[in-house]
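Values in this text are rule-based calculations from the coordinates and carry no lab data. Computed from a predicted model, the values in this text were never measured in an experiment. Ideal geometry is used to build each Cβ from the backbone, glycine not excepted, and the neighbour counts take in all protein chains shown.
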Amino acid sequence: KAGVTQTPRYLIKTRGQQVTLSCSPISGHRSVSWYQQTPGQGLQFLFEYFSETQRNKGNFPGRFSGRQFSNSRSEMNVSTLELGDSALYLCASSLDTSYEQYFGPGTRLTVT
Amino acid sequence: AQTVTQSQPEMSVQEAETVTLSCTYDTSESNYYLFWYKQPPSRQMILVIRQEAYKQQNATENRFSVNFQKAAKSFSLKISDSQLGDTAMYFCAFGANSGYALNFGKGTSLLVTP
């Protein structure tokens, strides 16, 4: 089975712009979670989707949003980018969150 | 809210030796599960081992084993016969059936030296 894929792998944006990141889960996995990883804050949960429904959301401002499509692929969007949004954004998929989560390689976002 | 604490920011071990990474957590949940993940330098996060809280038996995966002490809320990872490829950041993670999210510790950077 193919693993979790994330596109793009690297992204450079300017403050104030918006960005969309994409995640394709492992075939058959219906749960997709997003995490932000930074050296200072570590791994922080953004949100989780299951069958197109957001079941949980972390403590992030409304500029961070996401969605899941009927094929379980997921996107996350960050509007009005700030310098502090520079991070590695990780997507993870699982059959459900009580099972193992498998991570993608991440998207490295740099905001200048 | 659940918290996960890894008290060892960095550790070092010689090849072929055994090392134990510590993790404690705090929760009021009764149904939960715990993971150790490994993130090699500039590489993908990989699941190392998983433990369900209702299971008393400690999980084992080849050279990796855990010491799960539910009452003490402790979940340590033992790596036996350490190899150079074990060099990585190791994260302890907590998940509750009701939460739909994993809470991660800050990580322990493990360096395996020849």
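Observations
- For a straight C-alpha distance cut-off of 12 angstrom, the aspartates and glutamates reachable from A:Lys13 (same-chain residues fewer than eight places away being disregarded) are A:Glu82, A:Asp85.
- Calculated SAXS-style log₁₀ I(q)/I(0) at q = 0.22, 0.35 Å⁻¹ - the range A:71-111, Debye, Cα scatterers: -0.82, -1.23
- Put simply, the C-alpha atoms of the protein assembly as shown give a gyration tensor, and the ellipsoid matching it has half-axes of 29, 20, 16 Å, longest first.
- Candidates B:Leu34, B:Leu77, B:Leu102, ranked by Gaussian network fluctuation over chain B, Cα under 10 Å, top entry: B:Leu102
- Theoretical FRET efficiency, 1/(1+(r/R0)^6), r = Cβ-Cβ of A:Tyr99 and B:Asn58, R0 22 Å, to 0.05: 0.70
- Computed lengthening from A:Ser51 to A:Gln18, 0.36 nm per intervening residue step minus Cα-Cα distance: 9.3 nm
- Among A:Gly66, A:Gly16, A:Gly40: highest mean-square fluctuation, GNM of chain A, C-alpha pairs under 10 Å: A:Gly40
- Cα-based reach from B:Lys70 at 20 Å (exclusive), listing lysines while leaving out same-chain residues under 8 positions away: B:Lys55, B:Lys78
- Residue-wise HN-Hα coupling along the range A:33-46, computed from phi with Karplus coefficients 6.51, -1.76, 1.60 (Hz; x: Gly, Pro): 10, 10, 9, 9, 10, 10, x, x, 9, x, 9, 10, 6, 9
- Largest GNM mean-square fluctuation across B:Ser76, B:Ser22, B:Ser42, computed for chain B with C-alpha springs under 10 Å, falls on B:Ser42.
- Efficiency of FRET from Cβ geometry, B:Leu47 and B:Leu84, R₀ 22 Å, rounded to 0.05: 0.60
- The range A:80-112 versus the range A:36-54: alpha-carbon centroid distance in Å: 6
- Relative to its Kirkwood radius, the Cα radius of gyration of the range B:9-87 gives an Rg/Rh of 0.98.
- Relative contact order %, chain B, counting alpha carbon pairs below 8 Å whose residues are six or more apart: 38
- Computed from label points 7 Å out along Cα-Cβ, the spacing between A:Glu82 and B:Thr20 is 4.2 nm.
- Rg(Cα) / (2.2 N^0.38 Å) computed for chain A, rounded to two decimals: 0.99
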